[in-house]
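Have a look at the structure below before the remarks.
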Amino acid sequence: MSDDETSKFKRRKSGTTLTKTEIADHHLSKFEYYLQERNFGQSFSSLSSALSALPSLKEAYYSSFLEVFEPWSTAVEEDHGFQEAVKLYKVALKLYPESPDVNYLLAKILYRHGSIYEAWSCACLSHSECTQDPNAQETRGRLANALINRWHLPMLNDIQRNHSFKCAIEAAIKEGYNEVLDIGSGTNLLSLYAKRAGAKIVYGCETDNFMYEIGNDVLKLNGATEGIKIFNLHSHNISIPSDIPERVSLVVSETLDAGLLGEHILSTLQHAWTHLLLPPPPTLQKSDLKQESTSQDLSVESLIKYGKVIPSSAEVFAALISSKYIANCTKLDDPALIKYFKNKQVLLKLDEPYMSEKLNNIPGGFKMLSEWTPVTKVDFNSPSSIDMHLKGLVNQTLELKCTSEGTVDVLALAFKLNVDDSCHVISTFPESCAAAWENALYPVPTNKSLKVNDIVKVDFSCRGGIIELSVLSDSALGQNMKENIFLSPSALNFLTRKNFVSNFLLGAKEAAVRMRHLFKTTHSYVICDISPFPIAGLLVMSMFPNSKLFVEEESISEVLKEIGISSKLTDDLEEEVNLLFLWPVTKEGTLQDGIIKKILMYRLMMAEDGIVFPEQLDLVVDAINSPDFAAMTQVDDSNTFGVKVAEVFNIAKTTHHVDVHLDSLPHTSVIPQPLHMLQLSLLTGDIEPLQKLCKDADKEELLILGGDIVTVLANTTAIQTSVHHAIPYWFIIRGGKKSQFSFCTRDADSPCKQSLLVPDRFYNITKDIPLDIKVIWRDGIFSALIHTGSADTKCYT
């Protein structure tokens, strides 16, 4: 024992109190010892005690604290669960309440465990302190996308939709419907229209906590806190008189989706008519679907005794559509690949009855094979019409007549929404492309081509308030007796791009030949295929039948088992890997989560001469002007008729827009050509700059956590005077120096779409001015910004 320690020991024995500095020194000594032993739990405990005893040490030991806190909190979460890990975060935040790193880690763990609402404030604090850090921005962006459904943006920017609802609400209130309930109130836009039109009282209900808060902030921003009462409840949970004193005379609800009824508007209105809304006029209480009576037949005096709903009604239509893009997304028809599936029918696995796309935005366009055929009419002001649709009493068989030759790939649904009983109508027909809603698309599994005048029988059902359409087997499309195999969107999308698949398999064959040359044996090879579907692994298995195939996902292994192919999961991998196939890009156009960690993990598993295919990836960026895209990313108050929404709503605007077909998005480039910025080795995880390597961003604007940073800068020039709206990016993937394989994810036949980085503000740029584009890369996550000489427009992923 040293003299100093002996002195402290004697003082403790004599009852003399140690100073805070001595206590801190004691715990720091233990911290250093445990840190050398890699005992992160004891290190964390000792350092926390030292910093609590002597807070003046916190700044000097901040990095050391993070060094032990990150691995220890991760270990506790893995071994003892979420709640135990949260206890550690409480200790950390007591010491460093404003720490961007601790808040970043807390946001991530809360997000992983579904506490998105709670994670948001942590992510915002982290990003506000580290504005240039890719990790901080990526986490905040993910949470923004998770908190707010992106369809809010085109909806709030839809001038036709806003104008139609505003006029219908104003007309109803003028007629005497003065007590209003806005169901699914969201930003409270429709509630504000009602209040400004003179409603005596407006109630609203919104179940989503985050949207409820945004809605309340919108009310405050517009100075409308009086006469509007919003509940954080589902309308089914609103009761009279505890919540509202009596029944209302007008219900406004825009809870509609691409399939019209998918947001459960029928059950919502059924409950409202029964419990919250004044009864309908007598002529409608016993109406059926064929009745056309409306409240216009009644006097103004009698109207206020009865209830009314906006929108008034909707008419639904269906049509036969041919689209190569939809076919590629929903079914496999490549004979060369079908053989792997024993000639079974390979289809998309849908979690919902339909998918949704805006027909006018489909890449490659579409072909109408029939006219739009009426399916049903729903009268929202008739409880009996609502009840019949909920109970399935309107189900029927439709006959759609082919007006053009072609292959039916999808049954498309469009609707005409009668917002009121006058001229305010919104439709989702392709020719009415301004509407915010997409089209519901019901995939057709067969590939049979039809001729003009062929009749396709379609089963229409509406039970439980969801519209379903399907082709009947005894129609012109014929019976389909094949067994079905269902794949995820990523797997099917990967298989249906014929040119891509052909090139990928040629590259895979090259890799297999190299493997045989290197190992100079035909013994059992270990093949790992972690691409969306192991077509490359299956090809090599056919060349070397004794080989073992490993895949990452259990669902893929189950499909292989279904077609008689044995495979194992990579979690059970104990042997060295001879050949690894991977695909680093998601179908939405982003890098796979954790791609660097995955590369490094598999690198440890590879045999000495093991081969990875493909071997490298280039990041390519552009800069574009696109008003259409701007409307998809933030609210513009010029579209909301005097209601201020943008200042509140755009706080949570998206910063990373994924899953975009750039060629289908109206845009112009603002720089001469796309720029190749970085190259990622899929062998080692290393990054090579393809532009000028520059010093890191300001360290004060970066997290301490997150890995090594690579920053590159490209000089270019503006080729037009316009507004800069986004930085789209994509990838070029290469097989390697000894491979002919090279593929751009921007190509028309790509299994991937593109993603776009959204600036924090849109900036005007002038033709011929110099522009600098900077990319900051950090372990597979990157941010980007454009510098114009006067201001930075920051874009992040």
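Side notes on the structure shown:
- A search for C-beta distances below 7 Å between a residue of segment 754-769 that is over 12 Å from A630 (Cα atoms) and any residue that is open to solvent by 10 Å² or more (accessible area, probe 1.4 Å) and acidic (D, E), counting only pairs 6+ apart in sequence or on different chains, returns S755/E588.
- Scan of segment 1-60 for residues that are in a loop (DSSP other than H, G, I, E, B) and either of a type in the set (S, T, N, Q) or at pLDDT below 90 (or both), ordered by number: M1, S2, S14, G15, T16, T17, L18, T19, N39
- Strands (runs of 3 or more DSSP E) wholly inside segment 355-403 that include at least 3 residues being at pLDDT 95 or above and touching a helix residue (DSSP H, G or I) at 6+ places or on another chain (Cβ under 9 Å): 373-379
- Per the listing A436, A414, A476, the residue uniquely modelled with pLDDT under 95 and crowded, with 20+ Cβ neighbours inside 10 Å is A436.
- The one condition in (1) assigned to a helix (DSSP H, G or I); (2) open to solvent by less than 10 Å² (accessible area, probe 1.4 Å) that V86 fails to fulfil: (2)
- Enumeration of residues in segment 157-180 that are among the aliphatic types (A, V, I, L, M) and in contact with a helix residue (DSSP H, G or I) (Cβ under 7 Å, 6 or more places away or on another chain): I159, I169, I173, V180
- Any hit, segment 552-560, residues being touching a strand residue (DSSP E or B) at 6+ places or on another chain (Cβ under 6 Å) and free of Cβ contacts under 8 Å to residues at least 40 places away in the same chain: yes
- Of the residues making up segment 231-260, those that are surrounded by fewer than 19 Cβ atoms within 10 Å (Cβ to Cβ), assigned to a loop (DSSP other than H, G, I, E, B) and not polar (S, T, N, Q) are L233, H234, I240, P241, D243, I244, P245, E246, R247, D257.
Yes/no per residue for (1) in a helix (DSSP H, G or I); (2) modelled with pLDDT of 95 or more; (3) among the basic types (K, R); (4) surrounded by fewer than 24 Cβ atoms within 10 Å (Cβ to Cβ):
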| site | (1), (2), (3), (4) |
| --- | --- |
| S185 | no, yes, no, no |
| L190 | yes, yes, no, no |
| Y193 | yes, yes, no, no |
| G198 | no, yes, no, yes |
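- One residue alone among R497, R516 is among the basic types (K, R) and more than 18 Å from R734 (Cα to Cα), and that residue is R516.
- Against the numbered list (1) out of contact with any Phe, Trp or Tyr (no Cβ under 8 Å at 6 or more places or on another chain); (2) open to solvent by less than 40 Å² (accessible area, probe 1.4 Å); (3) of a type outside the set (K, R), E405 comes up short only at (2).
- With respect to the conditions (1) closer than 30 Å to K695 by Cβ; (2) in contact (Cβ under 8 Å) with a residue 40 or more places away in the chain, C122 falls short on a single one, namely (2).
- Residue-level analysis places D459 outside the set of residues that are open to solvent by 10 Å² or more (accessible area, probe 1.4 Å) and either part of a loop (DSSP other than H, G, I, E, B) or in contact with a Gly (Cβ under 9 Å, 6 or more places away or on another chain) (or both).
- All conditions but one from (1) part of a helix (DSSP H, G or I); (2) buried (at least 17 other Cβ atoms within 10 Å of the Cβ) apply to E647; the one that does not is (2).
- Every listed requirement among (1) in a helix (DSSP H, G or I); (2) open to solvent by 30 Å² or more (accessible area, probe 1.4 Å) is met by Q673 save one, (1).
- Residue check for V585: open to solvent by less than 20 Å² (accessible area, probe 1.4 Å), under 22 Å from G507 (Cα atoms), aliphatic (A, V, I, L, M) and in contact (Cβ under 8 Å) with a residue 40 or more places away in the chain: yes
The values are calculated or read from the model by the stated rules, or taken from the named source; none is laboratory data. Please read all numbers here as calculations on a predicted model, not as lab measurements. Note that each Cβ is placed from the backbone with ideal geometry, even for glycine, and that neighbours are counted across all protein chains shown. Only protein heavy atoms, including side chains, enter the accessible area calculation; ligands, DNA and RNA are left aside. Shrake-Rupley method; radii C 1.70, N 1.55, O 1.52, S 1.80 Å.
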